[in-house]
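Shown next, in structure tokens, is the structure this report addresses.
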Amino acid sequence: MLFRKMWIFKVLLVCALCTGSAAFAEVTLKYATLAPENTVWARTIKKCVDEIETKTQGQVKIRVFYGGIAGDEPSVMRKLKTGTIDIASFTGQTLGTVVPESRLLELPYFFENSKQIDAVVSKIYPELSKKFMAQGIVLAGWGENGFVYLMSKNKPITKYADMQGVKIWAPKGDPLVKAMLSEYGLVPVYLGFEAVLPQLKTGGIDAFYAPPYGAIGLQWFREAKYITNSRLANAAGGTLLAKSAYDRLTDEQKKIVHTTLEKYAYALTLELRRENDRSMQILLNKGVQKV
């Protein structure tokens, strides 16, 4: 009888230890971003991952791959779907390849100010979350890079007629931009982001569009003489979490990781709005003429 009691006690003890170690198992997640280190994007991500590690008492660690070293956005999206990458931040173009309805937030001339953006995002975010989840992906934060402005090198653009003959850059593979420029009767020059500055310098293109902070960060502004004072669109973005990684977390860890990612996605949006306001003034101070 004594032997039987001791045997039961040992079994229960082993079960308790196994359960405890599983509940508090350390998890390392891989986070990919195109943002270079020492940028506002990277600094915000650093705060986010540090807070997650602190709140989970070191049980959830996040390793960040900055500056696109994990690949470009399409390749990172493939890695997210296969579980090679666990978390990633994307531009609206790539988000749209998974949930096309998310591009609604980047429609030309759809928003006039940030309050309108926040109001619409708050209404449709739950529906977008369901659509991403149906694709095996957790939507873990929505954001933006700011309002996009047209900038030109050779002449000011103040009306539709001024656009004719302008060699305007467009990102490769973006159906929304292709449709918009087609409506204007324009033939864009499709280039990757890395090719824009060289083509501006050599005359391959003479106009581009970007948020002010992006134009400065990418150094494109150095080839711009004019900025058209009209908000073309809002450049959206978002953070996604692979469901395979999400399911590895405990319920408490899921809550911490998800809510903290969402918190910093919006914090980054607010910071970028401030940076874009400052950057617009910097452009004007550098001699770029607002028309």
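The values are calculated or read from the model by the stated rules, or taken from the named source; none is laboratory data. Every value quoted in this text rests on a predicted model; they were computed, and no experiment measured them. Cβ coordinates were reconstructed from backbone atoms using ideal geometry, including for glycine residues, and neighbour counts include every protein chain displayed. Surface areas here come from the heavy atoms of the whole protein model, side chains and all, with no ligands, DNA or RNA. Shrake-Rupley method; radii C 1.70, N 1.55, O 1.52, S 1.80 Å.
The HN-Hα couplings worked out from phi for region 45-62 by the Karplus form 6.51 cos²θ - 1.76 cosθ + 1.60 (θ = phi - 60°) are 4, 4, 4, 5, 5, 5, 5, 4, 5, 5, 5, 9, 6, x, 7, 10, 10, 10 Hz, whole numbers, x standing for Gly and Pro. For the peptides 235-247, 155-167, the ranking by packing is 235-247, 155-167, with the highest mean count of neighbouring Cβ atoms within 10 Å listed first. In this structure, the amide hydrogen of Phe65, modeled 1.01 Å from its nitrogen in the peptide plane, lies closer than 5 angstrom to those of Tyr31, Ala32, Thr33, counting only residues at least 5 positions away or on a different chain. Relative to the longest principal axis of the Cα atoms of the chain, the long axis of helix 193-202 lies at roughly 20 degrees. Its Cα centre serving as origin, region 110-167 has a Cβ charge dipole (Lys and Arg +1, Asp and Glu -1) of approximately 220 debye. Rounded to the nearest 10 degrees, the angle from helix 2-23 to the longest Cα principal axis of the chain is 10 degrees. Its Cα centre serving as origin, the chain has a Cβ charge dipole (Lys and Arg +1, Asp and Glu -1) of approximately 380 debye. When region 89-216 is described by a simple charge dipole with +1 on each Lys and Arg Cβ and -1 on each Asp and Glu Cβ, the residue from Pro188, Gly214, Gln135 located farthest towards its positive end is Pro188. Compared with the dominant Cα axis of the chain, that is its longest principal axis, helix 114-134 is turned about 50°. The label-point distance for Lys159 and Ala119, in a model that sets each label 7 Å from Cα toward Cβ, rounds to 3.2 nm. With R₀ set to 35 Å, the beta-carbon distance separating Gln281 from Asp247 gives a calculated FRET efficiency near 0.15.
Each DSSP beta bridge with both residues in the chain is either parallel or antiparallel, and the antiparallel ones are about 60%.
Ligands, DNA and RNA left out, the 1.4 Å accessible surface of region 172-211 is 63% carbon and sulfur atoms.
For a 25 Å ceiling on Cα separation, which of these pairs sit above it: Lys47/Lys243; Lys115/Lys225; Lys81/Lys263? Violating the 25 Å Cα-Cα cut-off are Lys115/Lys225. Each Cα pair under 8 Å and six or more residues apart adds its sequence gap; the mean of these over the residue count of region 151-291 is a relative contact order of 32 percent. Put a dot 7 Å past the Cα of Glu26, heading toward its Cβ, do the same for Lys263, and the two dots end up 2.3 nm apart.
Apolar share of the accessible surface for region 61-130: 59 percent from carbon plus sulfur atoms, 1.4 Å probe. Here region 40-67 and region 219-291 have alpha carbon centers that stand 17 Å from each other. Taking semi-axes √(5λ) of the Cα gyration tensor in Å as calculated from this structure, the corresponding entry among [x] 34, 22, 17; [y] 31, 24, 16; [z] 46, 18, 16 is [z].
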